[in-house]
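Inspection log for the structure reproduced underneath, given as C-alpha cells.
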Amino acid sequence: MGRFSEEGKRNIKNYTYMPFGDGHRICIGMRFARLQVKTGLLHLLRHFRVQTRDARTPIRYGKLPVQVRPTNIDLQFVPRTSK
Ligand code: HEM
C-alpha cells in the first residue's frame with residue numbers, strides 16, 4: 001500500500017511531516033509555494049525524462065534537518081527530444 005493511496009493517506013499519523021507548520025501560525029504562502037513547485041516540476045518534466053541510475057534499496061535518508069533527502073539514489077535527467 002502506497003502512501004498516496006486513499007488507504008495510505010488515512011494511515012498517516014497527524015503531524016508526521018509538516019513542512020509549513022500548522023495551527024494559527026501556519027505558513028500563509030503554502031498554497032502559493034506548492035503551486036510554484038508544481039509549475040517548476042511541470043517545466044522540468046516537460047523537457048527531461050528522469051531515471052534512476054544505480055538505485056539501491058532500501059532507500060537511506062540524510063540526517064540533515066529541514067530537507068528529507070535520499071542519500072543512495074542517483075537521478076539522471078535525460079533531455080526529451082523534440083519532434
Ligand atoms: C516551500 C516553501 C515554503 C516553506 C517550506 C515554508 C515554511 C514555513 C513554515 C514552517 C512557517 C512557520 C509556520 C509555523 O510557525 O507553524 C512559515 C511561516 C510563514 N510563511 Fe512560509 N514557507 C514557504 C513559502 C512561503 C511563501 C512563498 C510565502 C509568502 C509568499 C511564505 C510566507 C510565510 C509567512 C508570512 C509566515 C508567517 C506566518 C505567521 O507566523 O503567521 N512562506 N512558512
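The values are calculated or read from the model by the stated rules, or taken from the named source; none is laboratory data. Because the structure is a prediction, the values reported are computed rather than measured. In this analysis, Cβ positions are derived from the backbone assuming ideal geometry, glycine residues included, and neighbour counts consider all displayed protein chains. These accessible areas exclude ligands, DNA and RNA; they are computed on the full protein's heavy atoms, side chains included. Shrake-Rupley method; radii C 1.70, N 1.55, O 1.52, S 1.80 Å.
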Regarding Gly8, is this residue closer than 22 Å to Pro79 by Cα, not in a loop (DSSP other than H, G, I, E, B) and not acidic (Asp, Glu)? no
Go through the residues of the range 16-39 one by one and say whether even a single one is away from the ligand (no atom under 16 Å from the Cβ) and either touching a Phe, Trp or Tyr at 6+ places or on another chain (Cβ under 8 Å) or not aliphatic (A, V, I, L, M) (or both). no
Going through the range 61-83 one residue at a time, which ones are assigned to a loop (DSSP other than H, G, I, E, B) and open to solvent by 90 Å² or more (accessible area, probe 1.4 Å)? Lys63, Leu64, Pro65, Val66, Gln67, Val68, Arg69, Arg80, Thr81, Ser82, Lys83
Out of the residues in the range 28-60 that are part of a loop (DSSP other than H, G, I, E, B) and over 27 Å from Thr71 (Cβ atoms), which is most open to solvent (accessible area, probe 1.4 Å)? Ile28
